[in-house]
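Read through the structure below, which is laid out as structure tokens, and then see the notes.
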Amino acid sequence: MLQILSKLWRYRARATGLVLCAQALGAVAQVEADVVQVGQRWLESTVAQVSPAASANGMALRMEVAVGALDARLRLSPCAKVEPFVPQGTRLWGRSRVGLRCLDGATRWSVFLPVTVKAFGPAWVAKNNINAGAVLMPDDAMEAEVDWAEDASPVVALPEQWIGQVATRSWAAGQAIRQSMVRAPQVFQAGTQIRVLAQGPGFQVTSDGQAMTAGVVGQPARVRMESGRVMSGVVQDARTIRVDM
């Protein structure tokens, strides 16, 4: 009889322990669910208030947010006040994270919640595959809605920003054109005779020179003047370098 009672007691103790353990895990899970909810509400509110606009033409973007899960190894204690924050150096754009810290609890803690912020708006996408080095023509792209935040490089929103530009790498049909994917074309080679426009406060002088480097519109280039002096300036067009004095 004693052996039976002893076994029953051990079984009851083990069952009670399992119930308590399950209750504890359930409480922890609820704390973590509440924390994630706080992060999601804050993220949605913040993104709605500071919804970025296209810098090129001021159009509003359609924002969407999604939150991931906290680290499964965490065991957060209850907290009466959780404060969301953006970690230093973090931008709420594309794949990112939101910080959450306990300000009122038995144990102070700070965790990070993975989030994804999407920003949908019109952009130009390639109609067909584009090879690196190709000069882009008007028929090479069409307008479509894309997620601007999918890539760190900004989208090219206006046609004049990509037509006539050169593809810096190959891309597939359907890809949005981004600033890192295009560059201005080379307009002259080293050795070309060009015009040098030197300007400063209250004056502007033009003279001739010989390019020492290849010229790309908007990029710096070096030129040797007729006097032999070497100067650096910014390429304006196929025949002109501007030198600021």
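The values are calculated or read from the model by the stated rules, or taken from the named source; none is laboratory data. Owing to the predicted nature of the structure, the values given are computational and were not obtained by experimental measurement. Reconstructed Cβ throughout: ideal geometry from the backbone, glycine too, with neighbour counts over all protein chains shown. Each accessible area value is taken on the protein alone, full model and side chains, heavy atoms only, with ligands, DNA and RNA left out. Shrake-Rupley method; radii C 1.70, N 1.55, O 1.52, S 1.80 Å.
Observations on the model:
- Some residue of segment 72-82 being within 28 Å of the chain's Cα centre (by Cα), in a loop (DSSP other than H, G, I, E, B) and over 30 Å from L158 (Cβ atoms): yes
- Of all the residues in segment 159-180, those that are among the hydrophobic types (A, V, I, L, M, F, W, C), over 10 Å from V125 (Cβ atoms) and either under 19 Å from the mean Cα position of the chain (by Cα) or assigned to a helix (DSSP H, G or I) (or both) number 0.
- Residues considered: A144, A123, A119. Of these, the only one that is in a strand (DSSP E or B), farther than 22 Å from A214 by Cβ, touching a helix residue (DSSP H, G or I) at 6+ places or on another chain (Cβ under 6 Å) and not basic (K, R) is A119.
- Residues in segment 191-245 that are of a type outside the set (A, V, I, L, M, F, W, C) and open to solvent by less than 30 Å² (accessible area, probe 1.4 Å) were compared, and the one that is farthest from G164 (Cα to Cα) is G200.
- Among the residues of segment 181-192, those that are part of a strand (DSSP E or B) and under 22 Å from the mean Cα position of the chain (by Cα) comprise V182, R183.
- On inspection, R101 does not qualify as outside any strand (DSSP E or B), free of Cβ contacts under 8 Å to residues at least 40 places away in the same chain and either basic (K, R) or open to solvent by less than 40 Å² (accessible area, probe 1.4 Å) (or both).
- Qualifying positions in segment 127-165 - within 27 Å of L92 (Cα to Cα), among the aliphatic types (A, V, I, L, M) and at pLDDT 90 or above: A144, V146, A149, V155
- Residue pairs meeting the criteria (Cβ under 6 Å; at least 6 apart or on separate chains; first in contact (Cβ under 8 Å) with a residue 24 or more places away in the chain, in segment 190-215; second open to solvent by 40 Å² or more (accessible area, probe 1.4 Å) and of a type in the set (S, T, Y)): A190/T213; R195/T206; V196/S207; L197/T206; A211/T192
- Output for segment 33-65, where each listed residue is part of a strand (DSSP E or B) and either modelled with pLDDT under 85 or open to solvent by 50 Å² or more (accessible area, probe 1.4 Å) (or both): A53, A60, R62, E64
- Set A152, A106, A119: member being in contact (Cβ under 8 Å) with a residue 12 or more places away in the chain, open to solvent by 60 Å² or more (accessible area, probe 1.4 Å) and closer than 21 Å to L43 by Cβ: A152
- Whichever residue in segment 74-94 is of a type in the set (D, E, K, R) and under 18 Å from Q37 (Cα atoms) and, among such residues, is least open to solvent (accessible area, probe 1.4 Å): E83
- Yes/no for V111 being touching a residue at least 40 places away in the same chain (Cβ under 8 Å), open to solvent by less than 30 Å² (accessible area, probe 1.4 Å) and in a strand (DSSP E or B): yes
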